Amino acid sequence: MKLDPKAMRYLSSEDFRVLAGVEAGSRNHEVVPTQLIVQLSGLRGGSGVHKSISTLAKVNLIAKVKNAKYDGYRLTYGGLDYLALNTHKKNKSVYSVGNRIGVGKESDIIVVAHSSGEQRILKIHRLGRISFRTVKNNRDYLRNRSTGSWMYMSRLAAMKEFAFMKALRENGFPVPEPIAQNRHTIVMSLIDAFPLRQISKVPRPAELYSELMDMILQLARYGLIHGDFNEFNILIKEEEDPDAKGKGRESEENDESIRLVPIIIDFPQMISVDHPNAEMYFDRDVNCIKRFFQRKFHFTSDVPGPFFADARKQLVENPGKRLDVEVEASGFSRKMARELEAYMKEVGVDGDAGAPREDEDEDGDEEEQSESDDDNEEEQSENQADEVDESAHKLEDLHVSKSPLEA
Ligand code: ADP
Ligand code: MG
């Protein structure tokens, strides 16, 4: 599933209300019965609603699902993208949408712009995209958890990532600036840098290596383990170091005037140092860097570790603020963290270091189960689509510079 902002221009305010109605209905129905959509959209006259439903289905913002018990519709990723982007647009965090620059296993990364022209990054979480077939085959899983859907989990991932990015940024860690979060998406500052993986030469690997290890320790001092600390999630900015001008100019390789500044991204899997598997994740982060430096730069450190015991020790001797606790207090609760963790485990999300990246199953979410286990016991509690956005019909002024589909 790709973000297709083009479709956004053509929705009437009624279409939008119906779309918001399908979203509201999705909270407790895998497949939202047509009659419920009519109710939730809060529009009078069923025929208009039916027309909107067919418009939305035509542009793939919702999809028809034939069910054993009833026919209905579900929101697609496209529909959810639309709703989120509309909110970002309304709140002025996004003005235009540019190219998709990255497709992760669990996300799409898109360059967007603010009305000032400043470029930003929109990260759209798509949890379970790759592994959707596994989930699909596991009926019990869906049955037991009506909220355990990709939609809810992708939202949790976005909430978590935003909360951690904010806490890290406020405490001086080199991370992008978090700007906004809505549904399964976040908007953050664009880092003009390449991932470490794409850097072929580093002037002084020992220096960068120890800086990265210090960062792992520093995170732990603030109660955190990144959990996916690797060459994909470390962006390397090249900065001129004015103090070093003139020194060590003998060769390019040893150019002291260039300083490599690592910026850390990708936080949905971040954990607390109190997590039962903290040591395993800590060691994995350390070893990822070790292995990468050996392989790529033929650099092996003489210094053993760092070890989790060192990290624990500094928590006693020289603790930082406990950001794990702070994030929990900020609204990303322990319960949410547990739900997200369980889901990630179940659908096999194990960070960038896991299986090779694939792009082939992008449309997997469009062919999910054709029947649902949803029962009538789940009477809708909402009579209104509570997030109906009246400004939706003004989307024609979402100046879409270029569709990522054309990129
Ligand atoms: P995933 O969770 O799918 O791994 P990431 O957040 O790691 O997603 O982003 C994937 C890629 O997109 C990164 O490796 C990087 O190249 C690019 N990227 C992500 N965020 C930014 C940003 N703020 N600025 C520049 N590039 C980014
Ligand atoms: Mg990543």
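The values are calculated or read from the model by the stated rules, or taken from the named source; none is laboratory data. These figures come from a predicted structure and were not determined experimentally. Here the Cβ positions follow ideal geometry from the backbone for every residue, glycine too, while neighbour counts run over all protein chains shown. Remember, those area values only see protein heavy atoms, side chains included, never the ligands or the DNA or RNA. Shrake-Rupley method; radii C 1.70, N 1.55, O 1.52, S 1.80 Å.
Give me the net charge for the shell around residue 322: Cβ to Cβ below 11 angstrom, other residues only, Lys and Arg +1, Asp and Glu -1. Net charge around residue 322: -2.
When peptides 73-83, 282-292 are ranked by their average number of other Cβ atoms within 10 Å per residue, the highest-first order is 73-83, 282-292. Classify segment 258-350: rounded, prolate or oblate, from the alpha-carbon gyration tensor (a ≥ b ≥ c, eigenvalue square roots; a/c under 1.5 rounded; otherwise prolate if a/b is larger than b/c)? Prolate.
Of the residues 275, 210, 292, the one whose Cα sits farthest towards the positive end of the charge dipole of segment 194-330 is 292 (charges of +1 on Lys and Arg Cβ, -1 on Asp and Glu Cβ, taken about the Cα centre). Under the convention that each Lys and Arg Cβ holds +1 and each Asp and Glu Cβ holds -1, the size of the dipole of segment 194-330 around its Cα centre is about 240 debye. Taking label points 7 Å from Cα along the Cα-to-Cβ direction, residue 302 and residue 314 give a separation of 2.1 nm. Counting protein heavy atoms only, segment 194-330 has 51 percent of its accessible area on carbon and sulfur, 1.4 angstrom probe.
Among 336-345, 302-311, 26-35, 151-160, sorting by the average number of other beta carbon atoms lying within 10 angstrom of each residue, highest first, gives 151-160, 26-35, 336-345, 302-311. Taking 0.36 nm per residue of separation and subtracting the current Cα-Cα distance, fully stretching the chain between residue 258 and residue 214 would add 13.8 nm.
List, in the order given, every pair from 90/160; 123/313; 58/90 whose Cα-Cα distance in the structure shown is over 31 Å.
The pairs that break the limit, which is 31 Å between Cα atoms, are 123/313.
Shown in residue order for segment 55-60 are the 3J(HN,Hα) couplings computed by the Karplus curve 6.51 cos²θ - 1.76 cosθ + 1.60 at θ = phi - 60°: 4, 5, 5, 5, 9, 6 Hz (x for Gly and Pro).
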